[in-house]
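Trainee: Quick one: this structure, given as C-alpha cells, is what I'll be asking you about.
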C-alpha cells in the first residue's frame, strides 16, 4: 500500500470513529444509551472507575494549584 | 441539563490537590451520571491535558486524561472551524477577552446554553445574552 493511500485510509477511519463517537454521545445524552443496545462502550459505573483511578493518580503526582490561574496563563501564551 | 464546561472545571475536578476540587468534582460526577450533557470546544481538551501534564510531570497521566475525556459519552467535543473562529473573533473584539475565553463563550452563544466556569473575568466581561455561571450557583 502506498504511503498516501495509507494516510488517506487512516484519516477515513478517524472520521468514521469520530462520527460514531458523536452519535454515541448524542444517544447517551438522551438517557437511552444503555437501554438501546447500541452503545457498546463503558457504562456509568465503569466510567466512574476509570476517572477514579485517573484522579487518584493525578492526586499522587500533582503539585496542585489554582485551575483558574493555570488556564488564564495557558491562554496568555 | 446542557452546559458548556470550561477547562478550569475539568482541571479542578480531576486534580484532588486543586483548590477548587471539592467545589467542581460534584459537577463532573453529574457528567459521569449523564445528568449534565457537556458541550466543549476541543480547546478545552487540550488545555486540560496540558495543565495536568505540567502539574504531574507525567506523560502517561496526560494521555490518560486526553483519552478518557475524549471518549466520555457525556461530553460533546466541537471542532474550532473557521466559522467558529469568526464568531469567537467577534466576541473577543467586543469584550477584549482572551482568544480561548472567546472560543468557550462562542459555544455557549451558538447553542444558547450557559457556560460553567470558575473564571470571574469571563463572567464579568461576557456579552449580554450569554449566561455564565459558577459551580456554587449550580447547587440544587
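Where a number appears in this text, it was derived from the coordinates with a stated rule and is not lab data. Keep in mind that what you see is a predicted model, and the values were worked out from it rather than measured. Every residue, glycine as well, gets a Cβ built from its backbone with ideal geometry; the counts of neighbours run over all protein chains shown.
Trainee: Give the shape of region B:1-50 as rounded, prolate or oblate, defined through the alpha-carbon gyration tensor: a ≥ b ≥ c are the square roots of its eigenvalues, a/c under 1.5 means rounded, and otherwise the shape is prolate if a/b is larger than b/c and oblate if not.
Mentor: Cα axes put region B:1-50 in the oblate bin.
Trainee: Here's a follow-up. When only Cα pairs under 8 Å and 6 or more residues apart are kept, what is the percent relative contact order across region B:61-140?
Mentor: 21 percent
Trainee: If contacts are Cα pairs under 8 angstrom and at least 6 residues apart, what is the relative contact order of region B:35-93 in percent?
Mentor: Working: 41 pairs, mean separation 27.5, N = 59.
With pairs under 8 Å counted, the relative contact order is 47 percent.
Trainee: Shape call for the protein assembly as shown from the C-alpha gyration tensor, a ≥ b ≥ c root eigenvalues: rounded (a/c under 1.5), prolate (a/b greater than b/c) or oblate?
Mentor: rounded
Trainee: Could I ask something else about it? How do B:28, B:78, B:10 rank when sorted from fewest to most other Cβ atoms within 10 Å of their own Cβ?
Mentor: Details: B:28 23, B:78 19, B:10 28.
Lowest count first: B:78, B:28, B:10.
Trainee: So what's the gap between the Cα centers of region A:50-68 and region B:61-140, to the nearest angstrom?
Mentor: Between the Cα centre of region A:50-68 and that of region B:61-140, the gap is 22 Å.
Trainee: Taking the beta-carbon count within 10 Å as an exposure proxy, list B:56, A:45, B:95 from fewest neighbours to most.
Mentor: A:45, B:95, B:56
Trainee: How tilted is helix B:59-71 with respect to the longest principal axis of chain B? Cα atoms for both, answer in degrees (0 to 90, nearest 10).
Mentor: Tilt of helix B:59-71: around 60 degrees.
Trainee: Please compute the modelled spin-label separation between residue B:85 and residue A:9, points set 7 Å along Cα→Cβ, answer in nm with one decimal.
Mentor: Each label point is offset 7 Å from its Cα along the Cβ direction, giving 3.2 nm.
Trainee: So if we plug the beta-carbon distance of residue B:137 and residue B:57 into 1/(1 + (r/R0)^6) with R0 = 41 Å, what FRET efficiency do we get, rounded to 0.05?
Mentor: Working from the Cβ atoms, E equals 0.75.
Trainee: Please report the relative contact order for chain B, taking Cα pairs under 8 Å with a sequence separation of at least 6, and give it as a percent rounded to a whole number.
Mentor: RCO, chain B: 27 percent.
Trainee: Taking the simple approach of a point 7 Å from Cα along Cα-to-Cβ for both residue B:1 and residue B:33, what is their distance in nm?
Mentor: 1.1 nm
Trainee: Another question, then. Label residue A:69 and residue A:48 with points 7 Å out from Cα along Cα→Cβ: what is the distance between them in nm?
Mentor: Spacing of the two 7 Å Cα→Cβ label points: 3.4 nm.
Trainee: Okay, next question. Which of B:62, B:22, B:12 ends up with the largest GNM mean-square fluctuation for chain B, with Cα atoms connected below 10 Å?
Mentor: Fluctuation is largest for B:22.
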